[in-house]
Each structure stands twice: as structure tokens, then as C-alpha cells.
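Encoded as C-alpha cells, the structure appears first; notes follow it.
What follows draws every value from the coordinates through simple rules; no lab data is involved. The structure presented is a predicted model; accordingly, all values stated were derived computationally and were not measured. FYI the Cβ positions are ideal-geometry reconstructions off the backbone, even for glycines, and counts take in every protein chain you see.
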Amino acid sequence: MPIIEAIELKKIYKGEADASSTLALQDATLSIEEGEFVAIMGPSGSGKSTLLHILGFLEKQSGGSYKFNKRVIEELDDTELARVRNSEMGFVFQAFNLLPKATVLENVKLPLMYSAVAENKWDNLAKEAIDAVGMMHRINHLAIQLSGGEKQRVAIARALVMKPKVVFADEPTGNLDSQSGQAVMKIIQDLNENHGHTIVLITHETYTAEHAQRIIKLKDGAIESDEKVGHRHKADEYLK
Amino acid sequence: MTIKNSLKTALSGLRSHKSRSLLTILGIVIGITSIILIMSIGQGAQDLILGEIQGLGSKTIAVIPGREPHGPTDIAQTLTSSLKERDLALLLRKENAPTIKEIMPLVFTSGTAAYGEETYAATILGVSEKAPKIFNLNIENGSFFTEDDVKGKSDVVVIGYKVANELFGASDPLGEKIKLKGKNFRIVGVLPQKGQVSFFNFDEIALMPYSTAQQYILGIKYYNRFIVEADSDESVDRTVEDIKSTLRASHEITDPEKDDFFVQTSSDLASTFKSVTNVLTLLLTSIAAISLVVGGIGIMNIMLVAVTERTREIGLRKALGARGRDILQQFLLEAVILTAIGGLMGIFFGAILSFAAGIAITQFAGLNWHFTFPFFGAFIGLTISAAIGLIFGIYPARQASLKSPIEALRYE
């Protein structure tokens, strides 16, 4: 049973005039199994971010149908969408999007504040997630005091803290030097292999994409190819 | 998200912009400060006046010549000569007004008291020998003049504490003569420090027999007031009616609308002054309240800026599972906390300023002013300022809650 099942997804951005409407996504059909690590690739403007946003309930498709974990997105209202986003999805963004004047611990605790998890468990859950990305030594630092790689590791901890089924990562290494990028990829790969998280990764770099098990290539809003990765890169090999 | 955590989130949002938050609430602070100040001073003034009226005693009734004033322009009507000697004689007859215990005619003017080179602007009050009882005066130095002095129009005077001090310094004024309106008066008594009693400051006063004042000072045959004391609290209303009918008969008035005098009891006076000070306080408070509206608009403005500035944060929170309601709650709480802090600061500054004003009034006006902290005003001020946060915060908070997560995340 796939956790993500999308059939002929369309997204049209309406401009001021009818002629200026842009078709960002056309008839994208894909399915992702639980526990898979999938990379979505394509040049900028290919519609990969739009696809990720729709898959992550951050925006609604203009046409087609989408089922996440057996739920049909069209049938959910905003509150239910927020709840699913909170408890079953984790997000990692290219620009990290941490609260700059909050500490690492506070940032990681943020999803818990919007959840039904009892407050006395927050600290332990957050510390567990921070430990998993190796950031315990910075737990009380403010987000602005961290380096880019550290910020992204904290963002990953934040995405993990609710133990989501799927982690969506939008160009997580795009703002990082190769060394920190590789460290981030190692964590992501580890999440997938040792903790069973389903990963949907967006990137425009082939090398990064080849850390996944499968690559879906987009071009001009349409799926061009969907293939298994022949030779997977292992992030720890590079680091050694 | 629970209220407790919303509160924490809102507080940290405010803390990250301390000086801006402070400037934002300045309007609210000023508004609440002025409301507290006005209410406290209004209350103080009311207490002062009521205290003086009550100082006269609840059984005291004043008969005032002229038509009862119904507005500020009517005031001239009180300066007439309708209260004559004959009226006094009629009121003294037991069959006309059996419940009158004491009655004292009163005349007053102001004049310069002179002793040698020293002068002092005093209030000249013509009273009868009953004045010490009615005004509750204790004479420690010398004695009050007698009924015989009143009958014989003696040129005697009892002077207030301040008059004695200014004219004689440390030396004893008893037996000395002072000049009032060109005539010499012998000092028979000196009042101890007394302050304000019923609209007269007895420290600045020169008391003499009313007959003397009528003849030598004012040159009139009528009285400015009758001060009447009823024999009990219960008989005040009856006494008032008796006075009215006696005077109407004496003045040949059939239509009460055409009365050339009016009768005022302590409670009448108290309620009149209460309503006057209340209206004044309300009026001034309303003016101060305008600044609260202005302050509220300032809050709305800054909150809108904050919402735009924090578009990314809003998007992130939504992506992580915040519902529109959570975001609304967060921004609304920020606005309410902001205005409530403004309200508290206003109450604090208002209390300090009105306390200082009380000290200044006591020091410079010599009034027996009591500082009262307006608890009601403080309560109202806090409620109003929180309400302003709600009213002016709801629009920006709603704008924030409606942002779609992705558009918010895209915002640079």
C-alpha cells in the first residue's frame, strides 16, 4: 500500500489575464511506498517545488487526485490538513526557516506546541531528535548563532520530532557547502535506512539525487522519467 | 496550542522588538495616565467639597436670596436683597417654624485688614454669637463676641490664624486694633489654625457681628444668608417647608415659581456638587479617551507591519501544523498583552502624577486635599486598554491567520 498516491495532478497559477496563466504541473502521476527514499529532480521552473508543496499539503492542486496515507486531500478541511502536516509530515527547507531568536531546543519543540502530545514529554522528545542529528552541544544556542550546516541539522531535528511518516526535504543542501551538505545527506539517509522514515527529496543536483533509491525527473511540469538508481551514493563513504 | 503556550509565544514575539513595542504602547500609556489623573483629581475635588459641606452638619439649612440658579448664567440672580430683618423675626417665632433650633443671619464681603504698615486681604464675615457652635470653632486665645455685641453693633473682631500671623507676627494681637474699610476694630479673639469650613477659609477670615458688618462695612439692611439648624435629621424636610411658607407669606408670593429666595440643605448641596464634579470628570475623561482610540490605531498599524514582517514565520508555523486559529490567537494575544502593559504603565504613572498633584494642591492652595487612588478608574483603564488590544488587534491577527503557508514561506 503506497503512502503517497497521486493521479494526474495539475497545478495552474492564474495570472491577471487568462493568457498569463501558467501550467506549473501537468498530469503528474506517481506513487511512493512507505519506507522509500525518492528524489525529485529537475531544472528550476520544472514544477518540482510545486509538486512537493502539493504532496506536503502546503498548497492544493488544481486538478487530479491525491491520497496521503489513505486519506483523500480534497476531503480534508484546513484544520485536518494542519493536523496531518503536524503529526505525519516533516519539512526541511532550503532556507532552514528556523526562528532566529529562539534556541535550538525551542525551535525543535515548535511542532510539539501545535500537537496533542502532552507538554511534559516535549523536552525529552525534542532532546531525542536533537541528539539524533548530533546537535546536543548546541541545544541552548540561538538559531542565529549557528552555521548553515548546523541550522539544517536543527531543521531536520524539528522535522523528526513528531516522528512523522514522511519527511519532505526541499533542496536541503542547496545553501550549504559540500562538506556540510554531505553531513546533512548522511543524516537523511540514516533516517531512511535505520529509522524507516519515507523521504521525498527535491534537488537539482544529480549527485545529491543519487543518494535516493529512485529518481523522478520533471521537465516543464510533466514527469519525464521515474527510475531506480543504479549505483547509490552512500554519504558516509564520502565523509570518510 | 494551549493558551499558556500562546502566551509564551506572544511574549517572545514582543520581547524581540522591545523598543518598538514600547513606542507602540505610548499612546495607550498617555491615555490611561490622563484618565487616572483626571479621575483621581475629580475624586479628590469631590471629597474635598463634600467634606466641607458635611462639615456644616446634616441638619444645617441655608436660605439664600434670589431665584435658585438653574445654570451658570443664573448666578447673578442670587445677588439680591430679598432677605430682610422682618424675615428673620418671623422665622424666629416658634409658631412659624417650630423645628428650627438655631438661626443665624450671615453677611460677607472681602476687604483689606491693616495694622500699622502690615496689610492682609481677608474675608469679612458678619455672623451672630452662634457662629462658634454652627461652624464648630474653638477659640483658644480670647473669646467670641456676645449677643450684646451683636445688638449694640460693637466694633469687635475675631481674626483667623493667618490674618493674625501676617499682621502681628509673633506678638499677641489680643486687644489690638486693626483697620477694616477705614474703621477701627478691636480684636477680641484669635482662631486657631482651622482651614476650610463650608466655603470659607477660616484662617483668612475676620469675623464680626453681622449688625456691625451691615452698618459699617457693607452699608446694607439685608442679609446674604440665613444659616438654620433643624432640631433633628428627621425634621430637616419639615423645616425647609416651614421656612418656605413663612418667607412666601412675608414676601407676598403665591406662585412658588416666583420665589425670591431658595433653601438649600446640606444633602442638596452635596448632590449638586457631586453631579457637577461627576459631569466634569466624565467630560475630561472622554477627552482623554480619544487618545486611547488614537493609541489603538497605532497598535493596529504596528501589528499590521509585524504581520507582514513575520510572514515567513507564520508560513513556517502553518507548515509545522499551526491552524489559522493558533496564529490568530498568537497575534491577538500580542496586541492584548501590549495594550494591557500600556494600561498598567498608565495606571502607575497616573497614580504617581495624581499623588504629586495632591501634594502640590496641599502645598500651594492650602486645601485639605486627600489623595485617592481611583480603583474604579484603574479597573476601567485596564479593561479598556485590553479591549483596545482586542478590537484593534483582531484585524491584523486575522490577516495573519489567513496567509497560506506556501505564500508565506515564499515571501522574502
Q. Can you name the residue in the range B:308-340 that is touching a Pro at 6+ places or on another chain (Cβ under 8 Å) and closer than 17 Å to B:ILE25 by Cα and is also surrounded by the most Cβ atoms within 10 Å (Cβ to Cβ) among such residues?
A. B:ALA335
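For A:LEU58, indicate whether it is in contact with a helix residue (DSSP H, G or I) (Cβ under 6 Å, 6 or more places away or on another chain) and within 28 Å of A:SER115 (Cβ to Cβ). Steps first, answer last, please.
Details: in contact with a helix residue (DSSP H, G or I) (Cβ under 6 Å, 6 or more places away or on another chain): yes; within 28 Å of A:SER115 (Cβ to Cβ): yes.
Answer is yes for this residue.
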Q) Which pairs have Cβ atoms under 7 Å, sit 6 or more apart or on different chains, and link a residue in the range B:16-34 that is within 14 Å of chain A (Cβ to nearest Cβ) to one that is of a type in the set (Lys, Arg) and assigned to a loop (DSSP other than H, G, I, E, B)? A) B:SER16/A:LYS101
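Are there strands (runs of 3 or more DSSP E) fully within the range A:175-240 with at least 1 residues that are more than 17 Å from the chain's Cα centre (by Cα)? List them.
Numbers: elements: A:198-203, A:214-219, A:222-228.
Passing ranges, in order: A:214-219, A:222-228.
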(Q) Name the single residue that is nearest to the other protein chains (Cβ to nearest Cβ) among those in the range B:383-401 being within 13 Å of B:LEU304 (Cα to Cα) and among the aliphatic types (A, V, I, L, M). (A) B:ALA400
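Look through the range A:32-85, keep the residues that are part of a strand (DSSP E or B) and under 16 Å from the mean Cα position of the chain (by Cα), and return whichever of them is surrounded by the most Cβ atoms within 10 Å (Cβ to Cβ).
Restricting attention to the range A:32-85, the residues satisfying the condition of being part of a strand (DSSP E or B) are A:32-33, A:37-41, A:63-68, A:71-72.
From what is left, the residues that are under 16 Å from the mean Cα position of the chain (by Cα) are A:32-33, A:37-41, A:68.
Numbers: A:ILE32: 21, A:GLU33: 14, A:PHE37: 22, A:VAL38: 24, A:ALA39: 24, A:ILE40: 29, A:MET41: 23, A:PHE68: 24.
Among those residues, the one meeting the criterion is A:ILE40.
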Q: List the number of the failed condition for A:ILE73; all other conditions in (1) farther than 26 Å from A:HIS204 by Cα; (2) touching a helix residue (DSSP H, G or I) at 6+ places or on another chain (Cβ under 6 Å) hold.
A: (2)
**Q.** In the range A:100-155, the residues that are within 13 Å of chain B (Cβ to nearest Cβ), surrounded by fewer than 17 Cβ atoms within 10 Å (Cβ to Cβ), in a helix (DSSP H, G or I) and free of Cβ contacts under 8 Å to residues at least 24 places away in the same chain
**A.** A:GLU119, A:ASN120
Q: Could you figure out which of (1) within 11 Å of chain B (Cβ to nearest Cβ); (2) part of a helix (DSSP H, G or I); (3) under 29 Å from A:SER31 (Cβ atoms); (4) of a type outside the set (D, E, K, R) isn't true of A:PRO164?
A: (2)
Q. Under the condition of being within 14 Å of chain A (Cβ to nearest Cβ) and of a type in the set (Asp, Glu), which residue from the range B:282-340 is farthest from the chain's Cα centre (by Cα)?
A. B:GLU313
Q | The listed residue being free of Cβ contacts under 8 Å to residues at least 12 places away in the same chain and over 15 Å from B:MET39 (Cβ atoms), out of B:ALA400, B:ALA365, B:ALA386 | A | B:ALA365
